[in-house]
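Asks: Let me begin by handing over the structure; questions about it come next.
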Amino acid sequence: MSTEQPTLTGFDPQSDATAVLPGMPAAVSPAGVPNPKADIAALDELERHLYAHRYAQIGMTSYGATIDPAAATADRGEALAILAEEDQALLCSPETGALLDRLAASNALLNPTQAAQVRILQRDRASMVDVPPEVQAAFTRLTTEADDVWRHAKAAGDWNAFEPYLDRIVAQMREVASYRNPSADPYDVWLDEYEHDTSRAFYDRFFSQVKDVVVPLLADVRASTRPFGRSPFVGRFDAGRQWELARELVRLEGLDERKVFLTTTEHPFSDGLTSNYAIIACHVQEDDVLANVYTMLHEGGHALYEMGVDPALNYTSLKGGTSMGMHEAQSRFFENYVGRNMAFASRLIEVMSRQFRGQLGRATANQLYAAANRVEAQPIRTEADELTYPLHVLVRYEVEQLLMSGEATASDVPRLWAERYKSYLGIDVPNDARGALQDTHWSGGLIGYFPTYAFGSAIGAQLKATMVREGMDFDGVCASGDLSLIHAWLRDRIWRFGRSRDTSELILDACGEPFSPTYFTDYLVEKFSALYGL
């Protein structure tokens, strides 16, 4: 494939606002004197083109997993690879590097948003500039193909079909990491990709503290004789009505229906193209209505974050969540701290019973709360209770480390998976579909993403504690069913900034102190000790 610089329309070479894009002249005056006004205009032009690519890439990736015919996989992969090459050409050209350097040196002339744009674009550029374009494009093609293979492999429970793709993905991720930072551990490079300034050392400390609390607490819960049933939430629940329920949950969570596209997929996900357009893709299980409820609340939390970013950032590199850790903090916040809150249960059961009057017409908020918070070790991460959930993530974190270090290959994964599920959760993995094939992340090249789920859960605990400390009647807000006060707090402290502030800065400003996992472990101890009479 050619990596020739793309020709872009809308460029006036005679304008003072000369756009610094691949193949275009630097933004300087005819006398060769730097022109800050022209540089700022060039920054805007660069951002416009990167935005257009981002919009197309998110749309292609999202719809590829939901509505594209299977035969179109290679075609979609080629289109995404071309866009990846052009993105790299735009951002990594010497002209763009010089532009960003000049703007950084003229920081005093920039407003705060422009200064943040330059900082983030320089960071994005640094992660790509040394990666050969053909390597990045090949990785895009591979993950597009691997995702399609994974879907078929999961449906058939056939690990052997996916196994060679995982080995290729790991090899290519190690190669890309070596270009990005040849002196760093490859896994650290990718952990930093999804949560800036994190590493194995950070997550080792984090998981050690969480495990030291969760493992003995889980043992105490298992020893409790307090019964927790799931009736009346067991049975078959019509899929069509569950989709109507999903739409009601969009409204209950406070999402703007005019801005949400709801669709179906094998593995739930969500994304945001702008603050005016979010995609939520879920699936329903006729034998598990609660899975639909909490998946919708989870994905809705992601959508709230995306649509809560300041609209002024829509066409810039600052649009979107600042990291996957902070993104998962929002999704897990609405799934758990709101969705599994006793005060919110009365609102949830009202919505659920409207769609299933015959089955849930007499169900109570207490029954829903008990069923939603029952601790039960089982193999599926997305359906795990709050207490065992971090252990699901820990399994993946440990397996990823072994893969990225070369201590294990894809053929070892089912065994490693089974050993850790037995050790941490005390259960046997029934098959590969409910084991190492259950998640889509590895097929998309998202190795390093999983730890952010547990990290995000812990951030959410600290955010909630701060809300309560500042005087919010959190339970009262949940009981009312009107979550606008919670939205307003998160929008003011977290959402509106997009990528302009990193996670550590957001937490410090929002909570008045750095991140501490103690809020999360204290929350788990308090909640499950009360539930199980410990």
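Readers should treat all values here as calculations from the given coordinates under stated rules, not as data from a laboratory. Fair warning: this is a prediction, and the values are worked out from it, not measured in the lab. Because the Cβ atoms are built from the backbone with ideal geometry, glycine has one as well, and the counts that use them run over all protein chains shown.
Asks: I need the phi-derived Karplus couplings for segment 115-128: 6.51 cos²θ - 1.76 cosθ + 1.60, θ = phi - 60°, integer Hz, Gly and Pro marked x.
Replies: After applying 6.51 cos²θ - 1.76 cosθ + 1.60, I find 4, 5, 4, 4, 4, 5, 5, 5, 5, 4, 5, 4, 6, 10 Hz.
Asks: Among Phe237, Phe344, Phe474, which comes first, then next, by fewest other beta-carbon atoms within 10 Å? Don't skip to the end; give the middle numbers.
Replies: Details: Phe237 23, Phe344 27, Phe474 20.
Fewest-to-most Cβ neighbours within 10 Å comes out as Phe474, Phe237, Phe344.
Asks: Right, next: Once phi is turned into ³J(HN,Hα) by the Karplus curve 6.51 cos²θ - 1.76 cosθ + 1.60 with θ = phi - 60°, what whole-Hz value does each residue of segment 288-299 show in order, with x for glycine and proline?
Replies: 8, 5, 5, 4, 5, 4, 7, 5, 5, 5, 5, 5
Asks: Taking the number of other C-beta atoms within 10 Å as the exposure measure, put Lys527, Lys37, Lys211 in order starting with the fewest.
Replies: In order of increasing Cβ crowding within 10 Å: Lys37, Lys211, Lys527.
Asks: Here's another thing I want to ask about it. What order do you get for 107-114, 457-464, 123-130, 41-48 when each peptide is scored by the mean count of other beta carbon atoms within 10 Å, highest first?
Replies: Highest to lowest by the protection proxy: 457-464, 41-48, 123-130, 107-114.
Asks: What is the antiparallel percent of DSSP beta bridges lying wholly in segment 200-531, to the nearest 5? Display every interim value, and only then the final one.
Replies: Values: 5 of 10 bridges.
Counting only bridges with both partners in segment 200-531, antiparallel ones make up about 50 percent.
Asks: Rounded if a/c is under 1.5, else prolate if a/b is larger than b/c, else oblate: which is segment 200-531, with a ≥ b ≥ c the root eigenvalues of its Cα gyration tensor?
Replies: Judged from the Cα gyration tensor, segment 200-531 comes out rounded (a/c under 1.5).
Asks: Can you give the relative contact order of segment 295-395 as a percent, counting alpha carbon pairs under 8 Å and 6+ residues apart?
Replies: It comes to 21 percent, rounded to a whole number.
Asks: Just need the relative contact order of the chain here, percent rounded to a whole number, with Cα pairs under 8 Å and 6+ apart. Mind dumping the intermediate values first?
Replies: On the way: 798 pairs, mean separation 91.3, N = 534.
Reported relative contact order: 17 percent.
Asks: Still on this structure, please answer the following. Report the extension gain between Ala72 and Arg415 in nm, rounded to one decimal, defined as 0.36 nm multiplied by the number of residues separating them, less their alpha carbon distance.
Replies: Gain in length upon complete extension: 120.1 nm.
Asks: Could you line up Ile427, Ile40 from fewest to most neighbouring Cβ atoms inside 10 Å?
Replies: Fewest-to-most ranking of Ile427, Ile40: Ile427, Ile40.
Asks: For the peptides 479-491, 390-402, what is the packing order when you average, over each peptide's residues, the other Cβ atoms within 10 Å and list the highest mean first?
Replies: 390-402, 479-491
Asks: A follow-up question, please. Please turn the phi angles of segment 470-486 into ³J(HN,Hα) values with the Karplus equation 6.51 cos²θ - 1.76 cosθ + 1.60 (θ = phi - 60°), one per residue in order, whole Hz, x for glycine and proline.
Replies: 7, x, 5, 7, 4, 5, x, 4, 4, 5, 6, x, 9, 8, 4, 5, 5
Asks: Amide H neighbours of Thr263 under 5 Å, at least 5 residues apart or on other chains, H built in the peptide plane: list them.
Replies: Residues meeting the criterion, in which the H sits 1.01 Å from N, are Ile280, Ala281, Cys282.
Asks: Take Ser208 and Ala52, extend 7 Å from each Cα along the Cα→Cβ direction, and tell me the distance between the two endpoints in nm.
Replies: 5.1
Asks: Please list, in order, the residues from segment 329-351 whose amide nitrogen is less than 12 Å from a point placed 7 Å along the Cα→Cβ vector of Arg230.
Replies: Counting backbone N atoms under 12 Å from the label point, the list is empty.
Asks: Next question, about the same structure. Please work out whether segment 382-468 counts as rounded, prolate or oblate from its C-alpha gyration tensor, where a ≥ b ≥ c are the square roots of the eigenvalues and a/c under 1.5 means rounded, while otherwise a/b larger than b/c means prolate and anything else oblate?
Replies: prolate
Asks: Given His327, Ser411, Thr466, which one lies farthest toward the positive end of the charge dipole of segment 200-531, if we put +1 on the Cβ of every Lys and Arg and -1 on the Cβ of every Asp and Glu?
Replies: Checking the options against the dipole of segment 200-531, the answer is Thr466.
Asks: Tell me, how many Å apart are the Cα centres for segment 266-332 and for segment 518-534?
Replies: Each part's Cα centre sits 27 Å from the other's.
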